[in-house]
Amino acid sequence: MIDIHAHILNNLDDGPENLKEARRLVSLLHSEGVEMVIATPHLIPERYPEVTKSTVRRRIRELEGIIPIYEGYELHANYLPEDLDEYTLAGSNYILIEFSPFTPSSSIPLILRSIKNRGFIPIIAHTERYSLEIGTLKRFKKSGALLQFNAESIINMGTILYKLIKLEIIDFIASDIHPGRKAGLRDAYTIVKDYSEELANRLFYLNPYSVIKNQKIDGGIL
Ligand SMILES: [Fe+2]
């Protein structure tokens, strides 16, 4: 698998407190089947001023050795940087974006469209936090976004998961791992694979790999 959402870099945002703990998190991901990971610290300058490109790159260099780690960020809709192209996932045209819990889901499509108009493809981080209502999720997708769900949420979702799967709403399943949180990837993978191995392969490997390769999710070049 390839994990596109992980808080694994030490002494940055709400990630691990030291390199040893960072290594433990990466080893944990690896033990769940992750072969590549995009590190995505929060880019919220007011809260985490230590998250800068040079620091992120340094931390990645220090941490590498278990599996390849790519540079990425989890952007916040209220703090979008001017130079969005510097804060994409693995240098691609894809950006990972979260929203304030106070942002009404009705205003999310407008924000997504404005990102699309700037030439980027927004991937909504932990989409399940904003809505599980099918109509709303479809509106997110119509606005040009792809939807990432957290593995831990997938495990606990129950029957709604099969509805989302049937309607092809989910584009990525990622860990969003933090210290003290489970990765959940192996269990989530098993649940999806029991439904369809082809789909599990797409959500956990092929779609994330297209992000790293900067290719369209259906395989074409962007
Ligand atoms: Fe996150």
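Residues that are closer than 23 Å to L80 by Cα number at least 3 in the following helices (runs of 4 or more DSSP H) confined to segment 106-215: 108-117, 134-142, 207-212. For segment 183-222, the candidate set comprises residues that are in contact with a Leu (Cβ under 9 Å, 6 or more places away or on another chain) and charged (D, E, K, R); within that set, the residue that is surrounded by the most Cβ atoms within 10 Å (Cβ to Cβ) is K193.
Looking across segment 56-79, the residues that are assigned to a helix (DSSP H, G or I), closer than 14 Å to H7 by Cβ and away from the ligand (no atom under 15 Å from the Cβ) come down to R59, I60, L63.
Checked across segment 141-156, the condition of being within 16 Å of the ligand (Cβ to nearest atom), modelled with pLDDT of 95 or more and surrounded by fewer than 18 Cβ atoms within 10 Å (Cβ to Cβ) holds for no residue.
The condition (being at pLDDT 95 or above, surrounded by fewer than 14 Cβ atoms within 10 Å (Cβ to Cβ) and in contact with an Asp or Glu (Cβ under 7 Å, 6 or more places away or on another chain)) is satisfied by just one residue among R61, R57: R57.
Answer yes or no: is there a residue in segment 164-171 that is closer than 22 Å to A90 by Cα, crowded, with 19+ Cβ neighbours inside 10 Å and of a type in the set (D, E). So that I can check it myself, show each step before the final result.
First, the residues of segment 164-171 that are closer than 22 Å to A90 by Cα: 170-171.
Right, trim to crowded, with 19+ Cβ neighbours inside 10 Å and you get 170-171.
Going one step further and asking which of them are of a type in the set (D, E), we end up with 171.
So far as segment 164-171 goes, yes, one or more of its residues are closer than 22 Å to A90 by Cα, crowded, with 19+ Cβ neighbours inside 10 Å and of a type in the set (D, E).
Scanning segment 80-97 for residues that are closer than 20 Å to I217 by Cβ and not in a helix (DSSP H, G or I) yields a count of 10. Does A22 count as within 16 Å of the ligand (Cβ to nearest atom), surrounded by 14 or more Cβ atoms within 10 Å (Cβ to Cβ), without any contact (Cβ under 8 Å) to a residue 60 or more places away in the chain and under 13 Å from S175 (Cα atoms)? Against the criterion (within 16 Å of the ligand (Cβ to nearest atom), surrounded by 14 or more Cβ atoms within 10 Å (Cβ to Cβ), without any contact (Cβ under 8 Å) to a residue 60 or more places away in the chain and under 13 Å from S175 (Cα atoms)), A22 does not qualify.
Only residues that are touching a residue at least 24 places away in the same chain (Cβ under 8 Å) and part of a helix (DSSP H, G or I) were counted in segment 39-55, giving 2. The set of residues in segment 64-85 that are surrounded by 13 or more Cβ atoms within 10 Å (Cβ to Cβ) and modelled with pLDDT under 95 is empty. In segment 33-40 there is at least one residue that is surrounded by 13 or more Cβ atoms within 10 Å (Cβ to Cβ), of a type outside the set (S, T, N, Q) and within 12 Å of the ligand (Cβ to nearest atom).
Residue under question is A200, and the condition is that it be under 17 Å from the mean Cα position of the chain (by Cα), closer than 30 Å to A22 by Cα and modelled with pLDDT under 95; does it hold? If you could, list the steps in order and put the result at the bottom.
Numbers: under 17 Å from the mean Cα position of the chain (by Cα): yes; closer than 30 Å to A22 by Cα: yes; modelled with pLDDT under 95: no.
Against the criterion (under 17 Å from the mean Cα position of the chain (by Cα), closer than 30 Å to A22 by Cα and modelled with pLDDT under 95), A200 does not qualify.
The values are calculated or read from the model by the stated rules, or taken from the named source; none is laboratory data. What you see is a predicted model, and the numbers here were worked out from it, not measured in a lab. Cβ: placed from backbone, ideal geometry, glycine included. Neighbour counts: every protein chain shown.
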